[in-house]
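Asks: Dumping the structure here so I can ask a few things about it.
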Amino acid sequence: IVWEGLTATLPAIRQVLPALRALARSRQLRLHLVTDLEAPKYMNRFVVQRTEEMVADWGIDVRLYQWTIEKLTEVAGFCDLAIVPVDLTDPLAFGKPENRMRIFWRLGLPVVVSANPAHIRAADLAGLGDHVVCSTIEEWEKALVGLAARPALRLEVGSAGQAAARSAYSEESLALRWDRVIDSLQR
């Protein structure tokens, strides 16, 4: 399983650790984190914290990689699926867009996500809502175990996400939507 993002958003994974641990009891699991290996903890300037210390007590096999686009592409290439958990009780996180979901879709990976409005909208657009959007730890466990146990479903979910990334989220589609917005402002 792969996750990518800033170390500031890394704590959101804690909420899905019970589901990851449950999955690890029934099959081999390794969580690959593509992020900064160390980062300032306060105001992006003070108290540098090593990422390995942040994840040391998670109780699952975790591998860390310094974030680069090349490393993300490489790591995603050997993973079976991606996760994008967000803290649904944090208003800032709740409002996050679906950009990380779309990144993984472009790479052809199935993605399991927290149920914030952008993720719900994107999953519905790809026809994947019930398979990949989670509000509770039970839903996370069901989604992760279900996708782990069914390679054909992973392929189906990954393909549907990639199709959405290539159509509704393509550069041409996004440019057309921006053109419409700009046109509407000129009226």
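Quick note: the coordinates plus some simple rules give every number you see, no bench work behind them. Values in this document were obtained by computation on a predicted structure and should not be read as measured data. No Cβ is skipped: glycine too gets one built from the backbone with ideal geometry, and neighbour counts run over all protein chains shown.
Asks: Check which residues have an amide H placed less than 5 Å from residue 49's amide H, if you skip close sequence neighbours.
Replies: For residue 49, whose amide H was placed from the backbone, the distant partners under 5 Å are 39, 41.
Asks: Please report the antiparallel percentage of DSSP beta bridges with both residues in the stretch 1-101, rounded to the nearest 5.
Replies: Details: 4 of 13 bridges.
Percentage antiparallel, nearest 5: 30.
Asks: Normalised by the number of residues in the stretch 86-144, what is the relative contact order in percent for Cα pairs under 8 Å and 6+ residues apart?
Replies: Numbers: 59 pairs, mean separation 17.4, N = 59.
This gives 30 percent for the stretch 86-144.
Asks: Same structure, new question: Using amide H atoms built in the peptide plane, which far-off residues or other-chain residues are under 5 Å from residue 62 H to H?
Replies: Counting only residues 5 or more places away or on other chains, the set is 31.
Asks: Turning to a different aspect of this structure: Rounded, prolate or oblate: pick one for the stretch 101-171, where a ≥ b ≥ c are the square roots of the eigenvalues of its C-alpha gyration tensor, a/c under 1.5 means rounded, and failing that, prolate if a/b is larger than b/c, else oblate.
Replies: Numbers: a/c = 2.33, a/b = 1.30, b/c = 1.79.
Note, shape of the stretch 101-171 comes out oblate.
Asks: Which values, in whole Å and largest first, are the semi-axes of the equivalent ellipsoid of the stretch 52-151 obtained as the square root of 5 times each eigenvalue of the Cα gyration tensor?
Replies: 21, 17, 16
Asks: Let me ask something else. Considering only DSSP beta bridges with both partners in the chain, what is the antiparallel share in %, to the nearest 5?
Replies: Numbers: 4 of 18 bridges.
Bridges in the chain that DSSP calls antiparallel: roughly 20 percent.
Asks: Go ahead and estimate [θ] at 222 nm for the chain from helices alone: -39,500 (n - 2.57) per DSSP H run with n ≥ 4, summed, over the residue count, rounded to 500. Don't skip to the end; give the middle numbers.
Replies: On the way: 10 runs with 93 residues, N = 187.
Dividing the helical sum by the residues of the chain leaves -14000 deg cm²/dmol.
Asks: Follow-up. Given Cα pairs under 8 Å that are at least 6 residues apart, what percent is the relative contact order of the stretch 67-181? Provide the component values of the computation, followed by the final result.
Replies: Working: 137 pairs, mean separation 29.3, N = 115.
With pairs under 8 Å counted, the relative contact order is 25 percent.
Asks: Now, a different point. Whole-Hz ³J(HN,Hα) for each residue in the stretch 22-34, computed from phi via Karplus 6.51 cos²θ - 1.76 cosθ + 1.60 with θ = phi - 60°, x for glycine and proline: what do you get?
Replies: Once θ is set to phi - 60°, the couplings for the stretch 22-34 become 4, 5, 5, 6, 9, 7, 5, 9, 9, 9, 9, 10, 9 Hz.
Asks: Express in % the proportion of alpha carbon pairs of the chain at distances exceeding 25 Å. Walk me through the intermediate numbers first.
Replies: On the way: 6238 of 17391 pairs.
Counting every Cα pair in the chain, those more than 25 Å apart make up 36 percent.
Asks: Take the stretch 1-66, drop everything but the C-alpha atoms, weight them equally and run the Debye formula without solvent; then report log10 I(q)/I(0) at 0.17 Å⁻¹ to two decimals.
Replies: Per q value, in the given order, log10 I(q)/I(0) is -0.59.
Asks: Also, I was wondering about something else. If I model a spin label at residue 30 and residue 178 as a point 7 Å from the Cα along the Cα→Cβ vector, what separation in nanometres do I get?
Replies: In this crude spin-label approximation the distance works out to 3.8 nm.
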